[in-house]
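Okay, here's the structure, questions in a sec.
Here, each number is a calculation from the coordinates, and none is a lab measurement. Not measured: the values here are computed from a predicted model. Here the Cβ is made from the backbone with ideal geometry for all residues, glycine too, and neighbour counts use every protein chain on show.
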Amino acid sequence: MEIDRYERWFMTATFLMICGAIAALVISVVGHQASLATPAGRVVPSEIDSTPPFDDPGLHQTGPGEYELVLVAQTWSWTPNEVHVPAGSTVTILATSRDVIHGIRIRDTNANVMVIPGQISEVKDVSFDEPGTYWLFCHEYCGIGHQGMSARIIVDE
Ligand SMILES: [Cu+2]
């Protein structure tokens, strides 16, 4: 079978790109411990208000300089929508949603997770070293009020 020279070139280029993608995947999984996010637990959305820790949303100190932030998402707000954290703190975020899929993205941190009804999303060891206001945005489109769905983490000196 005769294969055109350009077709052979594209087949070779495609093969090399597939090999590059597989190599990148192997390097990120083996070399950098990349993994898919797994739910930290499950919660029945209609029972959020009576299920720990979501029966007491907010910031809770768990140790010296360590906190747990319990967040509940609902269209189109966060409970709580403002917390104060001392500078230099490390925060573990636990979040769930009452209704639809939301997301957490906190600027200037590594916090970036989906918030799914029925699941508990966990982001461990988010560092807040510099004083200031860290905005937490919903990054999953969740309806007409999505663009205003934000909360503030105020890092005090
Ligand atoms: Cu949203």
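From ASP129, ASP49, ASP55, ASP108, grab the single residue that is in contact with a helix residue (DSSP H, G or I) (Cβ under 7 Å, 6 or more places away or on another chain) and of a type in the set (Asp, Glu). Don't jump to the end; show me each part of the working.
Values: ASP129 fails: in contact with a helix residue (DSSP H, G or I) (Cβ under 7 Å, 6 or more places away or on another chain); ASP49 fails: in contact with a helix residue (DSSP H, G or I) (Cβ under 7 Å, 6 or more places away or on another chain); ASP108 fails: in contact with a helix residue (DSSP H, G or I) (Cβ under 7 Å, 6 or more places away or on another chain).
Of ASP129, ASP49, ASP55, ASP108, the one residue that is in contact with a helix residue (DSSP H, G or I) (Cβ under 7 Å, 6 or more places away or on another chain) and of a type in the set (Asp, Glu) is ASP55.
Considering only residues of the stretch 64-100 that are within 16 Å of the ligand (Cβ to nearest atom) and assigned to a loop (DSSP other than H, G, I, E, B), which is nearest to ARG42 (Cα to Cα)?
ARG98
Just checking, does the stretch 13-20 include any residue being surrounded by fewer than 11 Cβ atoms within 10 Å (Cβ to Cβ) and either within 16 Å of SER97 (Cα to Cα) or among the hydroxyl-bearing types (Ser, Thr, Tyr) (or both)?
Restricting attention to the stretch 13-20, the residues satisfying the condition of being surrounded by fewer than 11 Cβ atoms within 10 Å (Cβ to Cβ) are 13-20.
Okay, now just the ones that are also either within 16 Å of SER97 (Cα to Cα) or among the hydroxyl-bearing types (Ser, Thr, Tyr) (or both), so 14.
Yes: the stretch 13-20 contains one or more residues that are surrounded by fewer than 11 Cβ atoms within 10 Å (Cβ to Cβ) and either within 16 Å of SER97 (Cα to Cα) or among the hydroxyl-bearing types (Ser, Thr, Tyr) (or both).
Which one of GLY143, GLY103 is within 11 Å of the ligand (Cβ to nearest atom), part of a strand (DSSP E or B) and not aliphatic (A, V, I, L, M)? It would help to see each step written out before you state the result.
On the way: GLY143 fails: part of a strand (DSSP E or B).
Going through GLY143, GLY103 in turn, just one is within 11 Å of the ligand (Cβ to nearest atom), part of a strand (DSSP E or B) and not aliphatic (A, V, I, L, M): GLY103.
Still on this model: Consider the stretch 1-12. How many of its residues are surrounded by 10 or more Cβ atoms within 10 Å (Cβ to Cβ) and not hydroxyl-bearing (Ser, Thr, Tyr)?
Taking the stretch 1-12 and keeping what is surrounded by 10 or more Cβ atoms within 10 Å (Cβ to Cβ), we get 7-12.
Restricting the remaining residues to those that are not hydroxyl-bearing (Ser, Thr, Tyr) gives 7-11.
Qualifying residue count for the region: 5.
Continuing with this model, one more query. Considering only residues of the stretch 40-57 that are over 17 Å from the mean Cα position of the chain (by Cα) and either in contact (Cβ under 8 Å) with a residue 24 or more places away in the chain or in a strand (DSSP E or B) (or both), which is nearest to ILE144 (Cα to Cα)? Step through it out loud before you land on a result.
As a first pass, look at the stretch 40-57 and keep what is over 17 Å from the mean Cα position of the chain (by Cα): 43-57.
Then drop every residue that is not either in contact (Cβ under 8 Å) with a residue 24 or more places away in the chain or in a strand (DSSP E or B) (or both), which leaves 43-45, 48, 53-54.
Numbers: VAL43: 26, VAL44: 25, PRO45: 21, ILE48: 24, PRO53: 29, PHE54: 26 Å.
The selected residue is PRO45.
Looking only at the stretch 105-143, which residues are over 19 Å from ALA40 (Cα atoms) and either without any contact (Cβ under 8 Å) to a residue 12 or more places away in the chain or polar (S, T, N, Q) (or both)?
Once the filter is applied, which keeps residues that are over 19 Å from ALA40 (Cα atoms) and either without any contact (Cβ under 8 Å) to a residue 12 or more places away in the chain or polar (S, T, N, Q) (or both), the stretch 105-143 yields THR109, SER127, THR133, TYR141.
Can you work out which of the residues in the stretch 122-140 that are buried (at least 16 other Cβ atoms within 10 Å of the Cβ) and within 14 Å of the ligand (Cβ to nearest atom) is farthest from ILE93 (Cα to Cα)?
Within the stretch 122-140, the match that is farthest from ILE93 (Cα to Cα) is GLU140.
Which of the numbered conditions does VAL72 fail, given that it passes all the others? Conditions: (1) surrounded by fewer than 11 Cβ atoms within 10 Å (Cβ to Cβ); (2) within 17 Å of the chain's Cα centre (by Cα).
So the condition that VAL72 fails would be (1).
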